Amino acid sequence: MSFITKPKVSWSGQKKNALGMTLNDYEGGLSTLCAGCGHDSITAALVQAFWELALKPEQVIKLSGIGCSSKTPAYFLSGAHGFNSVHGRMPSVATGAQAARRDLIAVGISGDGDSLSIGFGQFAHAIRRNLNVLYIIENNGVYGLTKGQFSASADPGSSNKKGAKNLNQAINPVAIAITLGGSFAARSFSGDKQQLVPLLKAGLMHPGCAVIDVISPCVTFNDHVGSTKSYAWTRDHLHASSAADFVPPATEIIVDYAAGETTNVELHDGSTIRLKKLDPEFDPSSRSRTLEYLEARRADNEIVTGLLYIDAEMPSFHDIAGTAQQPLTTFDFDQLNPGAEALQQLQKNMR
Amino acid sequence: MKPTDTSNPDHFHQVVDCQWGCPAHTDVPEYIRLIAQGRFTDAYMVNRESNVFPGILGRVCDRPCEPACRRGRVDDKPVAICRLKRVAADHKDDISGLLPTIPKHKNGKRIALIGAGCASLTVCNDLLPLGYTCTIFEALNKPGGLMRSNIPSFRLPAQVLDEEINHIVDMGVDLRLQTAVKSMRALLEEGYDAVFVGSGAPKGKELAIPGRQEGDANIHIGIDWLESVAFKHVEKIGQRVLIIGVGNTAMDCCRTSLRLGAENVKVMARKPREFFKASDWELEDAEEEQVEIVINHAPKAFVIANGKLTGMIFELMEYDIDQGRITATRVTGETFIAADDVILAIGQETAFPWIERDLGIEFNQWDEPVCAADTYQSTHAGVFFGGDAAFGPKNIIWAVEHGHQAAISIHNYVHGLSVTDRLPPTMNLSSRKMGIHEWSYSNDFEPAARRKMEHVSLVERFRKLDTEVELGFNAEQTACEVERCLNCDIQTVFTDQLCIECDACIDICPTQCLTITEDGDAVDVTTRLTATVENPDQPLFASGQLTQTGRIMIKDENVCLHCGLCAERCPTAAWDMQKSTLGIAYAGDHDVLRGMRKCGS
Ligand SMILES: Cc1cc2nc3c(=O)[nH]c(=O)nc-3n(C[C@H](O)[C@H](O)[C@H](O)COP(=O)(O)OP(=O)(O)OC[C@H]3O[C@@H](n4cnc5c(N)ncnc54)[C@H](O)[C@@H]3O)c2cc1C
Ligand SMILES: Cc1ncc(C[n+]2csc(CCOP(=O)(O)OP(=O)(O)O)c2C)c(N)n1
Ligand code: SF4
Ligand code: SF4
Ligand code: SF4
Ligand SMILES: [Mg+2]
């Protein structure tokens, strides 16, 4: 953290997006995280993604649980809606928010502790309901906020700052998401904005639950030798399977890859997610082969990144639950609360 | 891409836009911080070291530092650098004890200087403390050159001039007033060890159009007329006055006319406003006094009736302008404008009728002395030129810088050393880190707009010719303006071996100065920066390859606020904020005995 706030200035040549807004217009309060924390980079990548998509901040709702990662919604899009909930409960609150306001774009920020321990059940159900949310897990292998205890994503054999080894198996959120029938599963690294920003854009526009597991080193408690979530270790073991790109509606797609290398995934609004294969072994069209691929690379100590699975046609929470098109906030009181008689009528119909 | 050589003093010097833009390289941010601490005397002395006349320059400097100031790139207006200089001068204590002591035993070297303008005075300022005997020959009866004879006292009060000139004269200048040098040959025969020509550019340009001779009684050459006013030989002027030309001299002529009784003053410009030579602030001040500036009027003839000037005929001009350049000129008609007096302010030139042309002092095709741009030595080894006399009319701060450089040349020359054997600038860096988030400078950005200088009321200022118009900053204005300075000399210093490429600095930077990207050639790397390059005058900094990925850190200096947030956010202190101090060598820093030591004596 810093003592001074980030100055707001403008200069000639400063870039503006389609709404005439600068990057700084998408920022939030000044971060109080440790200097060098990966979470801050993810915040910056989100600012970049929202700015590039030229979304209005008031179109967005930010949701989170508890943890250093869950604090970060305070640091971007100060003009957006937001709800900082309790530990591991972000998905429930996101579900409620979407049920009431499906016009809002939801971004849920969670941590490996928040989603893979206390909130593991909530995480699972958000996926199987295909809840319309960009679900980011800022994964550092530790409980950062509570001073660096191993989390459920810590790799077996990796050691903590004091040298003690983790003996438990690690939960792999990407594999979980695919296994539970997730419609969008990706992994990236806080230190690679070139990959992360397009993935965030794709995830924001994906009609369903877009899970992005972002390796995000904790400089304070998990950046030492022996950690498998440090900057150095992550860089040494990164393995990019694919590059994803989000192409807005009515944009000409310039073909610069050899045929067969790219897959275009059309979204309902006319935009496209393009997937370029970087590893010939990788086949994003099949769940089982993706899982096999993930396992094989893991066995080789490689951290596979990229958009690993996508199915844009899967029915989302809104389709399944039949949520109201119109935001509940715009209904008249009489409509929202039609009175005791109407309730009795409803109950009668159900007898 | 080749890593930037930050050990070259120019690298960090160039970052300090104002200091780089100042001909004398005044340490602006340092004196601004001293003012912020209320240390006016110290701030004055920092100024005096490089620009010698802070009180004078704090009022009338051409201030090339201000258009250069980085604040102007992130805000509407630059820091009021010049006004702050005046604050230091107005509020300092007695500085006599801080001036160099003059040795009792002289070094036996005698220097003759022609003209007591700022150039010659600077040479004396640098050489007297080294034991030289300096004799200035001045045609007028007071020292100061154009600062006294041409810059009006309502811009530059006599007390300020006297005080700063006396600091030098009192070091023991042998000042011969009312002693014009009529023959260079005679002067050279007097056997001085070196001669410095600081005689300025004293010849005002003429306007040879019909009626010039006949109307002479009411047609005045601007710089001569201002001199006559300064020495009280002229005390009034006609009701209707036309000023020809629209440079800074024209601005002084029109405002002086108003104070001598003129009612209707028009400044006649040949071209549109974008081509005016006068500084913006001088134009503003004249217009505030209701001077009318008439554009696109080219003088054609003076009109004389019964042997007396009645006005002038002008051609009405029309121009085609493309990207700031005139591509075609047309005359669309003519007009008569009545006038009682006309003042010509269309430029000035050097003139050396008193230098015989067979002395070995060469003159070029424009009759200007041939002298070296960095040493100011003429083709006659012992004769040096400086100030307006050297390369034509410039301004005070350039004349001062010429004086410093000529003093080094003279010091070397009279000791038998090569004039080109000069000490290069040095650069010293020291960290400003006090704690994790604490710096020993005010790094918080002050969003306030530039403070506005208050003026004496329009009624009051015309009562007396020498009422200074600008009031100077008050305490509140000063306190705010000093905080507008971005402290560009507190440098962002990068150690590539420490960087873990976490992106923290890039994410926090409020102006997108930083990029980590793959190494490549400079052109290619430039295409991959966070923000587009807007200012080619501020070169990019490129680090060596970073340890984890071999990529490089690039910093675009253009709009860096020197806020220190990159250094605060860096978990490994790869960025640090360090104060850069430019070391400039003056004559006294050149050890002229080194030659003798080499010879074994
Ligand atoms: C109207 C006007 C306004 C100006 N306003 C500004 C301003 O606001 N800010 C700014 O920075 N600059 C200004 N200038 C420019 C500035 O005054 C000059 O650039 C500067 O004074 C040059 O200094 P100097 O020492 O080279 O010569 P000068 O100041 O010209 O001094 C030369 C001296 O040499 C003397 N001299 C000449 N020939 C002989 C001789 N043969 N024997 C003995 N003595 C001789 C002259 O009498 C004079 O005193 C202005 C100029 C003019 C004309
Ligand atoms: C119900 C509840 N249980 C436990 C805690 C203590 N707690 C706070 S943050 C945290 C772990 C956060 O870990 P993670 O989600 O990985 O976030 P990080 O700080 O690593 O980003 C825990 C256990 C709590 N706040 N609430
Ligand atoms: S403790 Fe770790 S996760 Fe939390 S802010 Fe610090 S570096 Fe980031
Ligand atoms: S901000 Fe201050 S240090 Fe920077 S150029 Fe302007 S005056 Fe100089
Ligand atoms: S000091 Fe650092 S953070 Fe601040 S503007 Fe300059 S590069 Fe950016
Ligand atoms: Mg964690």
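Bear in mind these aren't lab numbers, they're just calculated from the coordinates by the rules spelled out. Only a predicted model underlies this, so the values are computations on that prediction, with no experimental measurement involved. Here the Cβ positions follow ideal geometry from the backbone for every residue, glycine too, while neighbour counts run over all protein chains shown.
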Inset, instruction - Could you grab the Rg to Rh ratio for region A:23-321? Cα atoms only, Kirkwood for Rh. - result: 0.94
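Could you pull out the pairs from B:LYS77/B:LYS394; B:LYS277/B:LYS452; A:LYS56/A:LYS201; A:LYS6/A:LYS229; A:LYS147/A:LYS229; B:LYS433/B:LYS579 whose alpha carbons sit more than 18 Å apart here? Before the final figure, lay out the partial values.
Numbers: B:LYS77/B:LYS394 24 Å; B:LYS277/B:LYS452 23 Å; A:LYS56/A:LYS201 14 Å; A:LYS6/A:LYS229 29 Å; A:LYS147/A:LYS229 16 Å; B:LYS433/B:LYS579 10 Å.
The pairs that break the limit, which is 18 Å between Cα atoms, are B:LYS77/B:LYS394; B:LYS277/B:LYS452; A:LYS6/A:LYS229.
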Inset, instruction - Treat each spin label as a single point 7 Å out from the Cα along the C-beta direction, and report the A:ASP283 to B:GLU235 distance in nm. - result: 10.7
Inset, instruction - Name the residue farthest towards the positive end of the dipole of region A:17-130 from the options A:ASN24, A:LEU46, A:GLN98, assuming +1 on Cβ of Lys and Arg, -1 on Cβ of Asp and Glu, about the Cα centre. - result: A:GLN98
Inset, instruction - Assign unit charges at the C-beta atoms only (+1 for Lys and Arg, -1 for Asp and Glu), then state the dipole size of the protein assembly as shown relative to its Cα centre in Debye, rounded to the nearest 20. - result: 1480
Inset, instruction - Compute the Cα gyration tensor for region B:204-348, then decide on rounded, prolate or oblate, letting a ≥ b ≥ c be the square roots of its eigenvalues: rounded whenever a/c is under 1.5, prolate when a/b is larger than b/c in the other cases, and oblate in all that remain. - result: oblate
Inset, instruction - Would you calculate the separation in nanometres between label points at B:ASP374 and B:LEU359, each defined as 7 Å from the Cα along the Cα-to-beta-carbon direction? - result: 2.7
Legend entry - Contact order relative to length of chain A, as percent, for alpha carbon pairs under 8 angstrom and 6 or more apart: 16
Inset, instruction - Name the shape class, rounded, prolate or oblate, that the alpha-carbon gyration tensor gives for region A:91-169, where a ≥ b ≥ c are the square roots of its eigenvalues, rounded holds for a/c under 1.5, and otherwise prolate holds if a/b is larger than b/c and oblate otherwise. - result: prolate
Inset, instruction - Using Cα centres only, tell me the gap between region B:453-498 and region B:378-423 in whole Å. - result: 32
Legend entry - Compactness index (Cα Rg / 2.2 N^0.38 Å), chain B: 1.07
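Set the Förster distance to 35 Å, then compute FRET efficiency between B:GLU349 and B:THR420 from the Cβ-Cβ distance, nearest 0.05.
Plugging the Cβ-Cβ distance into 1/(1 + (r/R0)^6) gives 0.75.
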Legend entry - Ratio Rg/Rh [Cα only; Rh per Kirkwood] for the protein assembly as shown: 1.11
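Provide the gained length on full extension for the span B:ASP444 to B:GLU334, in nm with one decimal, where the gain is 0.36 nm per separating residue minus the Cα-Cα distance.
Numbers: separation 110, 0.36 × 110 = 39.60 nm, distance 5.81 nm.
Difference between extended and current length: 33.8 nm.
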Inset, instruction - Would you work out which of A:GLY121, B:ILE346, B:VAL173 lies farthest towards the positive end of the dipole of the protein assembly as shown? Charges go on Cβ: Lys and Arg +1, Asp and Glu -1. - result: A:GLY121
Inset, instruction - Compute the Cα gyration tensor for region B:490-583, then decide on rounded, prolate or oblate, letting a ≥ b ≥ c be the square roots of its eigenvalues: rounded whenever a/c is under 1.5, prolate when a/b is larger than b/c in the other cases, and oblate in all that remain. - result: rounded
Inset, instruction - Identify all aspartates and glutamates with a Cα-Cα distance to A:LYS161 below 13 Å; exclude those on the same chain that are fewer than 8 residues away in sequence. - result: A:ASP223
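Summing -39500 (n - 2.57) over the DSSP H runs of n ≥ 4 in the protein assembly as shown and dividing by its residue number, what mean residue ellipticity at 222 nm do you reach, to the nearest 500 deg cm²/dmol?
Details: 34 runs with 278 residues, N = 952.
So the calculated ellipticity at 222 nm is -8000 deg cm²/dmol.
Can you give the FRET efficiency to the nearest 0.05 for A:GLU58 and A:ALA299, using r as the Cβ-Cβ distance and R₀ = 56 Å? The partial results should precede the final answer.
Details: r = 46 Å, r/R0 = 0.83.
It comes out at approximately 0.75.
Which GluC sites (Glu not before Pro) from region B:516-566 combine a DSSP loop assignment with at most 16 other Cβ atoms within 10 Å? Could the numbers behind the result be given before it?
On the way: sites: B:GLU518, B:GLU534, B:GLU557; in loops: B:GLU518, B:GLU534, B:GLU557.
Hits after loop and neighbour filter: B:GLU518, B:GLU534.
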Inset, instruction - Kindly flag which residue pairs out of B:LYS308/B:LYS464; B:LYS205/B:LYS236; A:LYS193/A:LYS277 have an alpha-carbon separation exceeding 20 Å in this structure. - result: B:LYS308/B:LYS464; B:LYS205/B:LYS236
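Test of understanding: ordering B:LEU121, B:LEU417 by Cβ neighbours within 10 Å, fewest first, what list do you get? Mind showing how you got there, number by number?
Working: B:LEU121 32, B:LEU417 19.
By the 10 Å Cβ count, ascending, the order reads B:LEU417, B:LEU121.
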Inset, instruction - Tally the DSSP beta bridges in region A:180-318 and give the antiparallel ones as a percent, rounded to 5. - result: 60
Inset, instruction - Run through the DSSP bridge list for region A:23-321 and note the antiparallel percent, rounded to the nearest 5. - result: 40
Legend entry - Peptide B:558-571, shielding by other chains (average Cβ, 10 Å cutoff): 4
Legend entry - Extension reserve of the B:CYS480-B:ASN428 stretch, reckoned as 0.36 nm per residue once the Cα distance is removed: 15.8 nm
Legend entry - 15 Å beta-carbon shell around B:ASP27, net charge (K/R +1, D/E -1): -1
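Cut-off is 10 Å between beta-carbons; in what order do A:SER241, A:SER159 appear when sorted fewest neighbours first?
Working: A:SER241 24, A:SER159 17.
If I rank by nearby Cβ atoms, fewest first, I get A:SER159, A:SER241.
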Inset, instruction - State to the nearest 20 debye the size of the charge dipole of region B:490-583 about its Cα centre, where the only charges are +1 on K and R beta carbons and -1 on D and E beta carbons. - result: 260
Inset, instruction - Would you work out which of B:GLY131, B:LEU540, B:SER257 lies farthest towards the positive end of the dipole of chain B? Charges go on Cβ: Lys and Arg +1, Asp and Glu -1. - result: B:GLY131
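By counting other Cβ atoms within 10 Å of each Cβ, how are B:ARG185, B:ARG551 ranked from fewest to most?
Working: B:ARG185 12, B:ARG551 17.
By the 10 Å Cβ count, ascending, the order reads B:ARG185, B:ARG551.
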Inset, instruction - Determine, from the Cβ-Cβ distance of B:GLN178 and B:ILE209 and an R0 of 30 Å, the FRET efficiency 1/(1 + (r/R0)^6), rounded to the nearest 0.05. - result: 0.25
Legend entry - Nearest-20 debye value, chain B charge dipole, Cβ charges on Lys, Arg, Asp, Glu: 1200
Inset, instruction - Please give every one of the aspartates and glutamates within straight-line cross-link reach of B:LYS109, meaning a C-alpha to C-alpha distance under 17 Å, and leave out same-chain neighbours fewer than 8 residues apart. - result: B:ASP126, B:ASP174, B:GLU189, B:GLU190, B:ASP193, B:ASP591
